[in-house]
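In what follows, a structure is listed as structure tokens, so that the remarks can point back to it.
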Amino acid sequence: MAAGAGMDPKDFPEAQTMLCLAALSYRGFEDPGAGFFHTDRLHLALARGFRDVSPQKRAWDLAWGPVSYRAPFSLVDDSVMYVVRSKDVPDQYVIAIRGTNPVSAFDWLFGDLWASEMTPWPYGNRAEFPEAEISFSTALGLNILQQMRSSAPPSGAVADVWRVLDADVSGALRQAAAALLRPIGEGVSGALRKIAGDLRGALDDLEERRHARSRKDLPTRLQGFLEDWRSETRRRILGPLGAVQEALADRYSLNILRLLEGGARLRSQLGSGQDLASFLKVAVGQARGKVDVVVTGHSKGGALASTVALWLRDTQGRQFVREEARWDPEERATVRYFSFAGPTAGNAEFVKRSNARIGERCYRIVNRLDVVPHAWATKDLREVPTLYDRPVERLATLNDLIEQISRDLERLRYQHVGLNVTELPGELDRTRTLFFDQFVYQHLEGYLKGMELDRLANVATFFSPLE
């Protein structure tokens, strides 16, 4: 993994706080509940976390969210996001994004079919980096976050912002949000209808196979992932999606969601209220001075944190930004991000764009012994089978799987974003001799220890059930 400038010691306390805010988004990860009751319990769990898990005793108000999204075949939330405003730093907002739900983390890492295809980055001046692309999984994850809706939090936080938002029911913000669900044209709609049934059937087949082997031993599961990667099912999914991508151009992601969800269910899943961009537009407009917008996330949330930050940066100002997408037309906000334990989001050109637009206002923190940041740059991927010394088990099937994935991804030129990269040295837990146990330890507890938070919190602090 390439290293950059690293973290300035003065920034370490803020990074600790950002890791805690990112990790709190995992609360209630196993909860199968849905609707208002589920959201309310999640809100209370976060409020307790803000009070109990604060390394610098920083105080936060929940300003937007929490909001969640659940895919058609999921029993638990696949995505969660919330925004807090600092009580100590004027006009600082932090956007926290949940990573992969740990119930299926290993499936995501090795079985994720979307990493083998890319789609163009559609924001900002595309002439600057015309070949910038992100993976299908990143595009879909970003779009889910863009479309999530939140009502005002039950506390009085940022009441001034919500008064404006609530008064704008018939205004430009609501019209812009509604425009995203308008018909997309008969030609594209027909193409979507033609392949939707086959695609959903293929996804159902894949999910059924994964569920059947979820309790089997790790070598058997790895062999199954390898078979999935090589299978006709993967081609049945990715082929039609690639064709749809070309037809949809810069309006691609929402319609991938339509393809997976169907229009009626998508509307119900998005819910009512205001999306993130609409909230930020009013928050920035109401501020008396400069606004500090920080995005943070762990695991898949780490990759999405840097991607959301670039989306926000590329939709600031007026030039090369559609009017309905301008959340900060006067560029009063500074956008930064903290990415922990994240895989790659896009190719080398995407990295150049991100580094040029975000610059030094980024921190990417990785544990050297964490498997996840080794995905999906092929040089890093090929290090995975030998990442752990003995007594951790060696898996021959893992070598085959990694080599197959690496060969398929080499052409895509995945790279990590970020000019400030801090690599935590990591320490092998020699009591964990199973590969998967060591992987989970390094991906979660390794960061708490490496960031000197292990005396304040442990994994159970963040991955706690809703009460």
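Structure summary
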| item | result |
| --- | --- |
| Some residue of region 363-377 being more than 20 Å from Thr307 (Cα to Cα) and among the β-branched types (Val, Ile, Thr) | yes |
| Filtered residues of region 384-399 (kept if assigned to a loop (DSSP other than H, G, I, E, B) and surrounded by 15 or more Cβ atoms within 10 Å (Cβ to Cβ)) | Leu387, Tyr388, Val392, Glu393, Leu395 |
| Matching option when the condition is within 20 Å of the chain's Cα centre (by Cα) and either of a type in the set (D, E, K, R) or over 22 Å from Lys300 (Cα atoms) (or both), among Thr315, Thr344, Thr386, Thr397 | Thr315 |
| In region 121-142, residue nearest to Ala303 (Cα to Cα) [restricted to those that are surrounded by fewer than 18 Cβ atoms within 10 Å (Cβ to Cβ) and not basic (Lys, Arg)] | Pro122 |
| Qualifying positions in region 312-323 - charged (D, E, K, R) and surrounded by fewer than 15 Cβ atoms within 10 Å (Cβ to Cβ) | Arg318, Arg322, Glu323 |
| Set Pro90, Pro55: member being surrounded by fewer than 17 Cβ atoms within 10 Å (Cβ to Cβ), within 30 Å of Phe12 (Cβ to Cβ) and at pLDDT below 85 | Pro90 |
| Test: residue in region 269-279 that is surrounded by 18 or more Cβ atoms within 10 Å (Cβ to Cβ), outside any helix (DSSP H, G or I) and at pLDDT 95 or above | no |
| Filter result for the condition that a residue is modelled with pLDDT of 85 or more, buried (at least 23 other Cβ atoms within 10 Å of the Cβ) and more than 20 Å from Ser339 (Cα to Cα), over Ala63, Ala96 | Ala63 |
| Total residues in region 8-39, condition modelled with pLDDT under 70 and either assigned to a helix (DSSP H, G or I) or hydrophobic (A, V, I, L, M, F, W, C) (or both) | 4 |
| Selected residue (criterion: surrounded by the most Cβ atoms within 10 Å (Cβ to Cβ)) from residues of region 400-419 that are at pLDDT below 95 and assigned to a loop (DSSP other than H, G, I, E, B) | Gly418 |
| Unique residue being touching a residue at least 60 places away in the same chain (Cβ under 8 Å) and not β-branched (Val, Ile, Thr) when the list is Glu349, Glu330 | Glu349 |
| Pairs, first surrounded by fewer than 24 Cβ atoms within 10 Å (Cβ to Cβ) in region 354-371, second outside any loop (DSSP other than H, G, I, E, B) and charged (D, E, K, R), C-beta under 8 Å, six or more apart | Arg357/Arg313; Arg357/Asp314; Ile358/Arg313; Ile358/Arg336; Arg361/Arg336; Arg368/Glu423 |
| Hits in region 372-413 - residues which are in contact (Cβ under 8 Å) with a residue 40 or more places away in the chain and in contact with an Asp or Glu (Cβ under 6 Å, 6 or more places away or on another chain) | His374 |
| Subset tally (residues that are more than 19 Å from Pro9 (Cβ to Cβ), in contact (Cβ under 8 Å) with a residue 40 or more places away in the chain, of a type outside the set (Lys, Arg) and in a loop (DSSP other than H, G, I, E, B)) for region 422-443 | 5 |
| Sole residue being modelled with pLDDT of 85 or more and out of contact with any Lys or Arg (no Cβ under 6 Å at 6 or more places or on another chain), chosen from Arg85, Arg70 | Arg85 |
| Close pairs from region 89-118: first farther than 18 Å from Ala377 by Cα, partner at pLDDT below 60 and assigned to a helix (DSSP H, G or I), Cβ under 8 Å, at least 6 apart | Thr100/Trp108; Thr100/Leu109 |
| Enumerated strands (runs of 3 or more DSSP E) restricted to region 285-368, each holding at least 1 residues that are within 25 Å of Gln274 (Cβ to Cβ) | 291-298, 333-340 |
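The values are calculated or read from the model by the stated rules, or taken from the named source; none is laboratory data. This one's a predicted model, so the numbers in the text were calculated from it and none came from an experiment. All Cβ positions, glycine included, derive from the backbone under ideal geometry; neighbour counts span all protein chains shown.
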